[in-house]
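See structure below.
The values are calculated or read from the model by the stated rules, or taken from the named source; none is laboratory data. Since we're looking at a predicted model, the values are computed, not measured. Quick note on the areas: whole protein, heavy atoms, side chains included, nothing else; ligands and nucleic acids left out. Shrake-Rupley method; radii C 1.70, N 1.55, O 1.52, S 1.80 Å.
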Amino acid sequence: MEGDTLISGVNKKKNSTENEGKIMQTFQKSFVQVQNILDQNRVLISEINQNHESKVADNLSRNVGLIKELNNNIRRVVDLYADLSSSFTKSMEVSSEADSSTGGHDVMQIKLASEL
């Protein structure tokens, strides 16, 4: 019986490590997406500023579309951060529940919002 408990504990530890790896991959993927959007925004802002400084009518008209794109990008970043926050909160809640149900053993069973 004691051997079974030990094997179960090893399997739980292995699953915990695998889940933690998946969580980190998901977070990293989201942060890369955010960084790419922010980099794109930097380029958009630069072009918007150049168009504004030129005071050429066509360039100023083009800024309308560029500003709309910038606003959409900002919404996407906000949504990505909201998803990250939700995923992190859920992972901590599940982790806390798992810890209390296993008597404090190091077990994490996490379902990310992106997997739901």
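Treating each Cα of region 13-97 as an identical point scatterer and summing with the Debye formula, the log10 of I(q)/I(0) at q = 0.19, 0.20, 0.22 Å⁻¹ comes to -0.85, -0.90, -0.99.
Taking region 13-97 as the region of interest, the number of lysine pairs whose Cα atoms are within less than 18 Å, with members eight or more places apart or on different chains, is 4.
In region 13-97, Cα pairs under 8 Å separated by at least six residues give a relative contact order of 32 percent. Of Asp83, Asp58, Asp39, the residue with the largest accessible area leads and the full order is Asp58, Asp83, Asp39 (1.4 Å probe).
Working note: Karplus 6.51/-1.76/1.60 with θ = phi - 60° gives region 76-93 the couplings 4, 5, 4, 5, 4, 5, 5, 4, 4, 4, 5, 4, 5, 4, 5, 5, 5, 5 Hz, where Gly and Pro are set to x. Protein heavy-atom surface of region 13-97, 1.4 angstrom probe: 55% of the accessible area is carbon and sulfur, with nucleic acids and ligands not counted.
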